[in-house]
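The values are calculated or read from the model by the stated rules, or taken from the named source; none is laboratory data. It should be emphasised that the depicted structure is a prediction, and the values quoted were computed from it without experimental measurement. As a convention, Cβ positions derive from the backbone with ideal geometry for all residues, glycine included, and neighbour counts pool all protein chains shown. Heavy atoms of the whole protein, side chains included, go into the accessibility calculation; ligands, DNA and RNA do not. Shrake-Rupley method; radii C 1.70, N 1.55, O 1.52, S 1.80 Å.
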Amino acid sequence: MNENIQFLHAFLKNPLKVGAIAPSSPELAQKMVEDIYPRRDSIVLELGVGTGAITKFIQERIETDDSYLGLELDKNMVRNLRLNFPDLKIIRGNACEVHSLHAKTGLGKVGFIISCLPFVSIPNEIGEKILLEIDKFMEQGCVFRTFQYAHGFYFPSAIKLREHMREKYGKSKKSQIVMKNVPPAYTLTWQTK
Ligand SMILES: C[S@@+](CC[C@H](N)C(=O)[O-])C[C@H]1O[C@@H](n2cnc3c(N)ncnc32)[C@H](O)[C@@H]1O
């Protein structure tokens with residue numbers, strides 16, 4: 001199935017969990033992977049892989065296939081991802097449990113988190129649990145990058161994420177707006193101090 005149709009299908013089935021009407025554009029994907037160099041002992045963890053719009057760009061930057069771990073909740077997406085990225089480890093699961101899910105894989109330490117999770121539309125208590133999981137990786141010295149849509153930048157849940165991260169990890173590095181994305185978005189990056 002075409003990537004856009006598959007995405008739209010998933011969105012119509014569960015709009016709040018998917019959180020976007022279209023996959024990230026190549027321009028946004030490029031920004032999301034800028035300056036990251038995952039290695040076997042400092043892997044990249046992609047949260048909310050979707051149809052793999054960003055995964056393609058991550059794959060070009062990883063040292064070895066075992067420098068990557070993808071996590072996705074939707075079982076149909078996971079099935080397709082495994083067909084499209086047979087060499088990468090992509091697991092089905094909830095980001096609320098990502099720290100122990102990663103531990104079970106036996107892969108190396110997480111050095112980079114690329115999060116595409118729709119914090120704006122997922123319930124508050126789930127978002128809070130996920131942030132606590134992310135903290136566990138950050139405590140071990142990790143880079144966290146996410147994107148936020150321009151129209152939702154001042155939604156309370158978007159602000160909440162930024163405040164949580166700023167309190168713990170300082171000011172974010174915010175990209176220029178990526179206009180070539182539906183909808184336009186910024187990337188935000190934090191690193192353990
Ligand atoms: C906005 S889409 C991003 C998809 C893709 N990475 C992209 O940039 O085009 C968000 C993805 O996060 C997944 N997701 C939502 N909540 C999740 C959770 N708690 N754990 C893991 N994945 C989740 C959704 O199923 C969806 O595929």
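Based on DSSP, what percent of beta bridges with both residues in the range 3-191 are antiparallel, to the nearest 5? Rounded to the nearest five, the antiparallel share is 40 percent.
Specify the residue with the greatest mean-square fluctuation among 56, 13, 31, computed from a Gaussian network of the chain linking alpha-carbon atoms under 10 Å apart. Looking only at 56, 13, 31, the largest GNM fluctuation is found for 13. Just the protein heavy atoms count here, and of the accessible area of the range 95-165 at 1.4 Å, carbon and sulfur take up 60 percent.
Here the Gaussian network model covers the chain, with springs between Cα atoms less than 10 Å apart; of 137, 147, 155, 155 fluctuates the most.
Using every pair of distinct Cα positions in the range 18-101, the Kirkwood expression returns a hydrodynamic radius of 13.0 angstrom.
Magnitude of the charge dipole for the chain, about its Cα centre and with charges confined to Cβ atoms of Lys, Arg (+1) and Asp, Glu (-1), is about 220 debye. Evaluate the distance, in nm, between pseudo-label points positioned 7 Å from the Cα of residue 41 and of residue 4 along their respective Cα→Cβ axes. About 4.5 nm, to one decimal. Once the chain from residue 60 to residue 30 is taken as fully extended at 0.36 nm per residue, the excess over their C-alpha distance is 9.7 nm. Amide H contacts for residue 143 (H built 1.01 Å from N in the peptide plane; partners 5 or more residues away or on another chain; cut-off under 5 Å): 112, 113. Computed from backbone phi, the HN-Hα couplings of the range 39-56 come to 10, 4, 9, 7, 7, 9, 10, 9, 9, x, 5, x, 9, x, 4, 8, 3, 4 Hz, rounded to whole numbers (Karplus: 6.51 cos²θ - 1.76 cosθ + 1.60, θ = phi - 60°; Gly and Pro given as x).
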